[in-house]
1. Using modelled amide H (1.01 Å from N, peptide plane; none on Pro or chain starts), what sits under 5 Å from the amide H of ALA28, excluding residues fewer than 5 places away?
2. Once you have the Cα-Cα distance between ASP50 and GLU7, take 0.36 nm times their residue separation minus that, and quote the gain in nm to one decimal.
3. Can you tell me the order of 57-64, 7-14 when each peptide is scored by its average per-residue count of other Cβ atoms within 10 angstrom, highest first?
4. 7 Å from Cα along Cα→Cβ at both ILE43 and SER16: what's the point-to-point distance in nm?
Amino acid sequence: MSPLRYELVFSDDTGSAEDVVIVERTAAKGPGGHPVYADPTGIIRAEISDQDELRILASGGHQTPTQHVLARRLTDATDADPKDPAGPSTSAT
């Protein structure tokens, strides 16, 4: 089952500066067939596998991929989703 929310922790090359963004699962799947998560603005989008492997997805032009991002699962009672419509599949659509 895929979590409903993650914290994405962006850090600089030294690891001293961090920005944290909370993303929620969308109905979309990424190129690898895993759920796509987005922040409320839709600017930050990431495909996150069931093994917590992270791929940042471009949401517009002139974006450069960041290299230092950590995905942390957010778990609480509202994260339980028995139907889990966005689980990994064999085809990316």
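Each reported figure results from applying straightforward, stated rules to the coordinates on display, with no laboratory input. Everything numeric in this text was worked out from a predicted model, so none of it was measured. Cβ placement follows ideal geometry from the backbone for every residue including glycine, while neighbour counts extend to all protein chains displayed.
1. Correct list: VAL36.
2. 14.0 nm
3. Packing order, densest peptide first, comes out as 7-14, 57-64.
4. Between ILE43 and SER16, the label points sit 2.5 nm apart.
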